[in-house]
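Enquirer: There's a structure below that I have some questions on.
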Amino acid sequence: MRRLRILVPGAGLVTVAAAAFLLLTHPGAGKPATLEAHHLTKPVSAREMRQVLEAADVIDTDVPNAELVAEGKHLFRDPALYQDGLSCQSCHTEGGANGDLGTQVHPTAAGDFVGPRDPPSLWGVGETAPYLWTGSVPTLEELMPRLIRNFFKDGNPTGERVAALSAYLRSLSPPVSPFDLGTTSSAALRGQRVFQGKGGCISCHFGPLLTDNKLHNTLVPQMPGASDPGAANPPHAFNTPQLRDVANTAPYMHNGAFTTLRQVVQFYDKTASTAPLNLTDQEMNDLVAYLDAL
């Protein structure tokens, strides 16, 4: 099993758990060399946000969507535009999630919590508001100026950039899978019945992207030495991720606590807020087969 490692200044490549411990016991060890997509330390004022969003709205109306998508794709991918040469594409490869680069270890500023945050995939992101793991940003367009301010070299969130990036992100559809083609295996079909029935997964994961777009506290364990508080309301809750292409987005949960889908299923069966589900080994295997097919 491959263990995710992160570059921490002064320590080299270490596991997520080790990185969290180092930052807990040595808060002056330095800023981790990973993107800070979950903790945006450079603000965009309310006045500037309003001006940028108004400009973006005009551009979105006047410029053909295909043109905006093409420009947004360039902005998303071009490492020359970004600090440290790491673009959005680096951590959200082709719209998916790259835990090797995107997992970010806190603290990133004074008073910040301790612990890792995993990069979510961006499939169907235009339909999965609110945004970030704590649901702190209500719209995609409001998120873009903050990301540009924090990660672009010039930190300049223009209306053109916001409109283009938003258009490109809204164009990201999940890869075609057996789920789409109707070619799922017998095991996956049995797993779908567990997902919708005994497992109760469908209570939070439903619709085309398999998410209710709400925050829940399912009692995901903290990583060693971590103190991630999650959202304030509901307390300790995190955003429900969409599940398309989930087999290719390990590690799992907001903090990357689990490295396999089998571990995720076992968690919900035995220790999560949903437990006990009393799933048999066969039912757990079938449920994993269903998730693999998404």
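The values are calculated or read from the model by the stated rules, or taken from the named source; none is laboratory data. Computed from a predicted structure; not experimentally measured. No Cβ is skipped: glycine too gets one built from the backbone with ideal geometry, and neighbour counts run over all protein chains shown. Quick note on the areas: whole protein, heavy atoms, side chains included, nothing else; ligands and nucleic acids left out. Shrake-Rupley method; radii C 1.70, N 1.55, O 1.52, S 1.80 Å.
Enquirer: Return the residues of segment 129-147 that are touching a helix residue (DSSP H, G or I) at 6+ places or on another chain (Cβ under 6 Å) and of a type outside the set (Phe, Trp, Tyr); say none if nothing qualifies.
Expert: Passing the criteria: Val137, Leu140, Glu141, Met144, Pro145.
Enquirer: Among the numbered criteria (1) modelled with pLDDT of 90 or more; (2) of a type in the set (A, V, I, L, M); (3) not in a helix (DSSP H, G or I), which one does Leu68 miss?
Expert: Condition not satisfied by Leu68: (3).
Enquirer: Of the conditions (1) of a type outside the set (Asp, Glu); (2) open to solvent by less than 30 Å² (accessible area, probe 1.4 Å); (3) closer than 24 Å to Ala232 by Cβ; (4) assigned to a loop (DSSP other than H, G, I, E, B), Trp123 clears all except one; give me its number.
Expert: If we test Trp123 against (1) of a type outside the set (Asp, Glu); (2) open to solvent by less than 30 Å² (accessible area, probe 1.4 Å); (3) closer than 24 Å to Ala232 by Cβ; (4) assigned to a loop (DSSP other than H, G, I, E, B), just (3) comes out false.
Residue by residue, here is whether (1) out of contact with any helix residue (DSSP H, G or I) (no Cβ under 9 Å at 6 or more places or on another chain); (2) crowded, with 20+ Cβ neighbours inside 10 Å; (3) at pLDDT 95 or above; (4) within 13 Å of Ala55 (Cβ to Cβ) holds:
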position	(1), (2), (3), (4)
Glu127	no, no, yes, no
Gly155	no, no, yes, no
Thr158	no, no, yes, yes
Arg161	no, yes, yes, yes
Ala164	no, yes, yes, yes
Tyr168	no, yes, yes, no
Ser173	no, no, yes, no
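Enquirer: What number of residues in segment 97-116 are open to solvent by 10 Å² or more (accessible area, probe 1.4 Å), in contact (Cβ under 8 Å) with a residue 40 or more places away in the chain and out of contact with any Asp or Glu (no Cβ under 6 Å at 6 or more places or on another chain)?
Expert: Going through segment 97-116 one residue at a time, the tally reaches 7.
Enquirer: Moving to a separate point now. Name the single residue that is farthest from Phe195 (Cα to Cα) among those in segment 254-292 being open to solvent by 20 Å² or more (accessible area, probe 1.4 Å) and among the acidic types (Asp, Glu).
Expert: Asp281
Enquirer: Could you run through segment 180-224 and say how many residues are of a type outside the set (Asp, Glu) and open to solvent by 70 Å² or more (accessible area, probe 1.4 Å)?
Expert: Matching residues across segment 180-224 total 15.
Enquirer: Pairs needed: first member in segment 133-150, surrounded by fewer than 22 Cβ atoms within 10 Å (Cβ to Cβ); second member anywhere, in a loop (DSSP other than H, G, I, E, B) and among the acidic types (Asp, Glu); C-beta distance under 7 Å; at least 6 residues apart or different chains.
Expert: Asn150/Glu36
Enquirer: Moving to a separate point now. Pairs please, first residue from segment 252-268 and under 12 Å from Thr103 (Cβ atoms) and part of a helix (DSSP H, G or I), second anywhere and open to solvent by 20 Å² or more (accessible area, probe 1.4 Å) and not small (Gly, Ala, Ser), Cβ atoms under 9 Å, 6+ apart in sequence or on different chains.
Expert: none
Enquirer: So which residues in segment 233-251 are out of contact with any Pro (no Cβ under 7 Å at 6 or more places or on another chain), surrounded by 18 or more Cβ atoms within 10 Å (Cβ to Cβ) and in a loop (DSSP other than H, G, I, E, B)?
Expert: Ala237, Thr240, Gln242, Leu243, Thr249, Ala250, Pro251
Enquirer: One residue is enough: does segment 16-23 have a residue meeting the conditions surrounded by fewer than 17 Cβ atoms within 10 Å (Cβ to Cβ) and either at pLDDT 90 or above or of a type outside the set (Val, Ile, Thr) (or both)?
Expert: No, segment 16-23 contains no residue that is surrounded by fewer than 17 Cβ atoms within 10 Å (Cβ to Cβ) and either at pLDDT 90 or above or of a type outside the set (Val, Ile, Thr) (or both).
Enquirer: If you scan segment 63-94, which residues turn out to be out of contact with any helix residue (DSSP H, G or I) (no Cβ under 8 Å at 6 or more places or on another chain) and on the phi > 0 side of the Ramachandran plot?
Expert: Of everything in segment 63-94, those that are out of contact with any helix residue (DSSP H, G or I) (no Cβ under 8 Å at 6 or more places or on another chain) and on the phi > 0 side of the Ramachandran plot turn out to be Asp84, Glu94.
Enquirer: Then there is this: Conditions first: (1) under 17 Å from Tyr168 (Cβ atoms); (2) at pLDDT 95 or above; (3) open to solvent by 10 Å² or more (accessible area, probe 1.4 Å). Glu94 passes all but one, so which condition is the exception?
Expert: So the condition that Glu94 fails would be (2).
Enquirer: Same structure again: Does Phe113 satisfy the criteria of being modelled with pLDDT under 95 and in contact with a Phe, Trp or Tyr (Cβ under 8 Å, 6 or more places away or on another chain)?
Expert: no
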